[in-house]
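Okay, structure first, notes after.
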Amino acid sequence: MSDAVIANHWGAKLRLKAMIITGMVLFAFITMHLLNLSLGLHSVQLMEDWRFALSGVWSSVLPLKVLLQVSLVVHFIIALYSLYRRNTLRVPAYDMAQMIAGVLIIPLMGIHVFGVMAVKQLGLEPTYFLILSQFWIVSPINGLQQVALLVVAWIHGAIGVYSWLRARDGSARVMKFFYPFVVLLPILAMLGFVEGGRQIISVEEGGLGMVMENDPNADGPTVDPEMIPVILAQAKERPKLATRVSLGLVALVLLARFIRLKLRERSHVRVSYGGRRPMTFESETGLTLLEMAHENSIPHANVCRGRGRCGTCRVRVVKGGEKLAPPSELEAKVLARWNAEPNERLACQVMPQEGVLDVERVVKADYSNLDYAQANKNSGSPVGAS
């Protein structure tokens with residue numbers, strides 16, 4: 001194996017680990033925020049009592065603050081690189097939903113982040129009494145934007161964690177708890193947000209309907225009054241700048257990806273899928289076999305969504321295997337875990353070359369309930385493809 005191939009393998013492995021770690025940090029962050037919001041079902045005071053432990057800790061404890069900021073930046077950079085390296089944008093719906101949600105997170109998050117920064121610059125504490133008053137009385141539009149942020153961030157994170165869990169041993173057992181959790185928590189959070197707003201607003205009096213115990217903002221802003229308009233103006237402009245920068249980076253990456261694909265060497269391969277319903281198609285080289293299948297609307301199991309972790313996209317190579325590059329360390333480990341036959345490869349890792357390639361799917365195209373332990377106990381692999 002050449003030095004370049006080894007370096008590329010380790011680079012991909014490092015990116016994958018960094019993506020998982022930073023993704024889990026961000027998922028923990030949004031989970032704790034949703035838990036805090038759900039306490040609004042009881043009272044806004046209870047939300048405030050738990051604010052530091054569930055939400056404020058991420059901005060008040062320096063190590064966690066740095067970890068969160070680094071995770072957000074690293075996760076976004078890796079996502080941009082992954083987008084640049086994609087050979088096709090014809091992906092399953094949940095992949096597309098996650099990509100779109102990922103693009104929208106920073107523009108939506110900017111409003112909240114810079115808003116909280118402005119509150120602190122004014123010499124105020126971002127209590128839930130103050131925040132909910134802003135969202136439900138002063139600017140309901142901002143409140144709707146925060147609801148959109150929670151929905152978008154939760155969709156992005158939940159799909160990522162879901163994909164990661166499904167590609168691990170014993171995932172079927174974990175999913176029994178993950179499914180209800182991932183559905184129930186955002187519902188409780190939204191109900192808590194609405195109930196908190198109901199408690200804040202007094203419809204009859206048209207003003208605040210409750211008072212916070214030991215309110216740190218009772219005396220109002222402590223900053224120089226002349227600075228208040230400047231701080232508020234910055235709070236409006238900074239999210240716009242963050243939106244322009246993040247969407248601009250996405251546009252540049254898409255342009256770079258377009259140029260990369262246009263400049264690559266072009267040749268064609270003829271691929272045939274055997275089975276009860278044989279399918280044959282021609283495709284440009286430079287794609288993985290799984291990407292070619294997606295491009296040609298051929299159903300193919302891929303629990304980990306093409307990341308080379310689950311082994312469910314395995315194919316049995318009938319013809320043309322001599323032109324395929326040998327398995328990488330990652331692919332070899334997954335094949336060994338499944339006791340794969342010598343002519344079996346991972347469709348998400350194989351890049352067919354010019355010529356002819358005949359394959360058969362080892363796993364049913366609709367296979368999804370992955371449990372390695374049970375599958376290995378039964379037969380070493382799931383039921384064969386049809």
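Just a yes or no: is a residue in segment 57-76 outside the structural domain of P299 (by TED's automatic domain parsing), over 23 Å from L34 (Cα atoms), assigned to a helix (DSSP H, G or I) and not β-branched (V, I, T)? There is no residue in segment 57-76 that is outside the structural domain of P299 (by TED's automatic domain parsing), over 23 Å from L34 (Cα atoms), assigned to a helix (DSSP H, G or I) and not β-branched (V, I, T).
Checking segment 318-328 against the condition returns a match, with at least one residue being on the phi > 0 side of the Ramachandran plot, in contact with a strand residue (DSSP E or B) (Cβ under 9 Å, 6 or more places away or on another chain) and either surrounded by 15 or more Cβ atoms within 10 Å (Cβ to Cβ) or at pLDDT 80 or above (or both). Apart from one condition, V359 fits all of (1) exposed (fewer than 14 other Cβ atoms within 10 Å of the Cβ); (2) modelled with pLDDT of 90 or more; the exception is (1).
Under 26 Å from A347 (Cα atoms), hydrophobic (A, V, I, L, M, F, W, C) and part of a helix (DSSP H, G or I): is that true of A293 in this structure?
For A293, the condition - under 26 Å from A347 (Cα atoms), hydrophobic (A, V, I, L, M, F, W, C) and part of a helix (DSSP H, G or I) - is met.
Looking at A373, A340, A385, just one residue is at pLDDT below 85, touching a strand residue (DSSP E or B) at 6+ places or on another chain (Cβ under 8 Å), among the aliphatic types (A, V, I, L, M) and not assigned by TED's automatic domain parsing to the domain that holds R166, and that residue is A385.
The values are calculated or read from the model by the stated rules, or taken from the named source; none is laboratory data. Please read all numbers here as calculations on a predicted model, not as lab measurements. Counting neighbours? That spans all protein chains shown, and the Cβs are built from the backbone with ideal geometry, glycine included.
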